[in-house]
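Trainee: Below: one structure in structure tokens.
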Amino acid sequence: MGKAYVYVGTNSIRGSQGIYTLSLDTGSGKMDVLGTAEAQDSAYLCVNRDGSRLYAVMESLEYEGKKGGGAASYAIEDGRLKQTGKCYAGGGWPCHISLDPKEREVYVSVFRNGSWLIFQTDGDGRLAEAKESFSYQDPNGRPSHIHAVVSDPAGKYLAVADCGLDAVYLYDAVSHEQVWKEGFPEDTGPRQLSFSEDGKYLYLVTETSCELYVMRYTPEEKEKLHVLQTISTQRRDGYEGKNYAGGLHFHPSGKYLLATNRGHNSFAVFGVDKESGMVKLLGHKMLAGDHCREFSFTLDGKILVAGLQHTDIVQSFFFDEETGKITDTGYQLNIPSPSAVVVFEKKTEE
């Protein structure tokens, strides 16, 4: 079988060496560490389409001598990383980073002070200083906590999740004007967003209420989001401890959507009806470790790699596209505080 790279961002604790590059056997799930790149609290990562650039946020309260966090760009050669640019990212705890479809802009979400920033890249993909920033205030004094900014597949609008003010905002991707606000019940905690591949639906996982929201997305209409369904990510198995939903990603087939539970320590696997956008909870995969914040699939969707942040483990799993079942490969690596996980595999020419 083939090989893929896995990039693992870590918190700077328990002997972490920054961002780890792993090799992944896409048949067996076996992983090996190829190298590391210096990075401070690299809490979230994204890789461009051809695998030549990686972008990271530094989820810290102080960066380069200033109060707040940072963002950085890296060139990738044979899986190894070389930093090419770094920038201050305003307030503390930047927690998410993403690219626009044309790879000209980088969007950084800053949790602590409720802001998000737009950075530009140069012709070589290097990160330049932020050109715009946006923040939110509530008249009742509730704090804003921006947790994710993602572009729709067409690159027309940006969706912004506000975990503090319980809202999802839509912005015009060119003018950067806010065009819609979708409110959610208080203390639901909008965290991560994912568009369906055809751009017809937007999915939201909420951190504190641990729910998946399905929304019809109609960018051509004045009312651009329509909530169709709300379903819990949790399992009714008697667990009474605290739980916080984490990552949210589609299986490459688009037939499944997975969310993580932190506390209950499980994957929630949802089947997706591509026509209606509606989902059905198919089951849970319990994890033998604590606090799975992020995960990523291989191109064919047969291997899933997850970071168990509080147990210092990166683990691989088999995913059955016919059933949605997740099973252990038997392979794992000990890596300190794995917060971000991105699998990159080059597409083969047909």
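Trainee: Of everything in region 41-70 that's in a strand (DSSP E or B) and among the hydroxyl-bearing types (S, T, Y), which residue is farthest from the chain's Cα centre (by Cα)?
Mentor: Ranking the candidates gives Y63 first.
Trainee: Please work out if P153 is in a loop (DSSP other than H, G, I, E, B), under 21 Å from H249 (Cβ atoms) and in contact (Cβ under 8 Å) with a residue 24 or more places away in the chain.
Mentor: yes
Trainee: Inside region 97-114, can you point out the residues that are small (G, A, S) and either surrounded by fewer than 22 Cβ atoms within 10 Å (Cβ to Cβ) or without any contact (Cβ under 8 Å) to a residue 40 or more places away in the chain (or both)?
Mentor: Within region 97-114, S98 is the sole residue that qualifies.
Trainee: Looking only at residues that are open to solvent by less than 30 Å² (accessible area, probe 1.4 Å) and assigned to a loop (DSSP other than H, G, I, E, B) in region 156-175, which one is farthest from F111 (Cα to Cα)?
Mentor: A173
Trainee: Still on this structure, please answer the following. Counting just the residues of region 56-95 that are touching a residue at least 60 places away in the same chain (Cβ under 8 Å) and open to solvent by less than 10 Å² (accessible area, probe 1.4 Å), which one comes out farthest from V160 (Cα to Cα)?
Mentor: G79
Trainee: Please work out which residue is nearest to H249 (Cα to Cα), limiting yourself to region 176-203 and to residues that are touching a Gly at 6+ places or on another chain (Cβ under 9 Å), assigned to a loop (DSSP other than H, G, I, E, B) and among the charged types (D, E, K, R).
Mentor: The extreme case among them is E197.
Trainee: Among the residues of region 115-147, what is the count of those that are open to solvent by less than 30 Å² (accessible area, probe 1.4 Å) and touching a Cys at 6+ places or on another chain (Cβ under 8 Å)?
Mentor: Adding up the residues that qualify gives 4.
Trainee: Would you pick out the residues in region 12-37 that are open to solvent by less than 20 Å² (accessible area, probe 1.4 Å) and either more than 23 Å from I303 (Cα to Cα) or under 21 Å from the mean Cα position of the chain (by Cα) (or both)?
Mentor: Listed by number, the residues that qualify are G18, I19, Y20, T21, L22, L24, A37.
Trainee: So, one more: Return a yes/no flag: does region 177-188 have any residue that is buried (at least 17 other Cβ atoms within 10 Å of the Cβ) and of a type in the set (K, R).
Mentor: no
Yes/no matrix, rows are residues, columns are (1) touching a helix residue (DSSP H, G or I) at 6+ places or on another chain (Cβ under 8 Å); (2) modelled with pLDDT of 95 or more; (3) open to solvent by 30 Å² or more (accessible area, probe 1.4 Å):
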{"position": "F297", "(1), (2), (3)": "no, yes, no"}
{"position": "L304", "(1), (2), (3)": "no, yes, no"}
{"position": "T311", "(1), (2), (3)": "no, yes, yes"}
{"position": "V314", "(1), (2), (3)": "no, yes, no"}
{"position": "E322", "(1), (2), (3)": "no, yes, yes"}
{"position": "K325", "(1), (2), (3)": "no, yes, yes"}
{"position": "P336", "(1), (2), (3)": "no, yes, no"}
{"position": "V343", "(1), (2), (3)": "no, yes, no"}
{"position": "K346", "(1), (2), (3)": "no, no, yes"}
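Trainee: So which residues in region 204-219 are part of a loop (DSSP other than H, G, I, E, B) and either under 18 Å from P101 (Cβ atoms) or within 20 Å of the chain's Cα centre (by Cα) (or both), if there are any at all?
Mentor: E207, T208, S209, C210, P219
Trainee: I'd like the residue in region 276-286 that is in contact (Cβ under 8 Å) with a residue 60 or more places away in the chain and not small (G, A, S) and, out of all such residues, is surrounded by the fewest Cβ atoms within 10 Å (Cβ to Cβ).
Mentor: Among them, the one singled out is M278.
Trainee: Could you go through region 36-47 and let me know if any residue there is under 22 Å from I313 (Cβ atoms), among the aromatic types (F, W, Y) and in contact with a Cys (Cβ under 8 Å, 6 or more places away or on another chain).
Mentor: Yes, region 36-47 contains a residue that is under 22 Å from I313 (Cβ atoms), among the aromatic types (F, W, Y) and in contact with a Cys (Cβ under 8 Å, 6 or more places away or on another chain).
The values are calculated or read from the model by the stated rules, or taken from the named source; none is laboratory data. Here the structure is a predicted model, which is why all the values come from computation and not from measurement. Virtual Cβ from ideal backbone geometry, glycine too; neighbours counted across all protein chains shown. Surface accessibility is based on the protein's heavy atoms, side chains included, excluding ligands, DNA and RNA. Shrake-Rupley method; radii C 1.70, N 1.55, O 1.52, S 1.80 Å.
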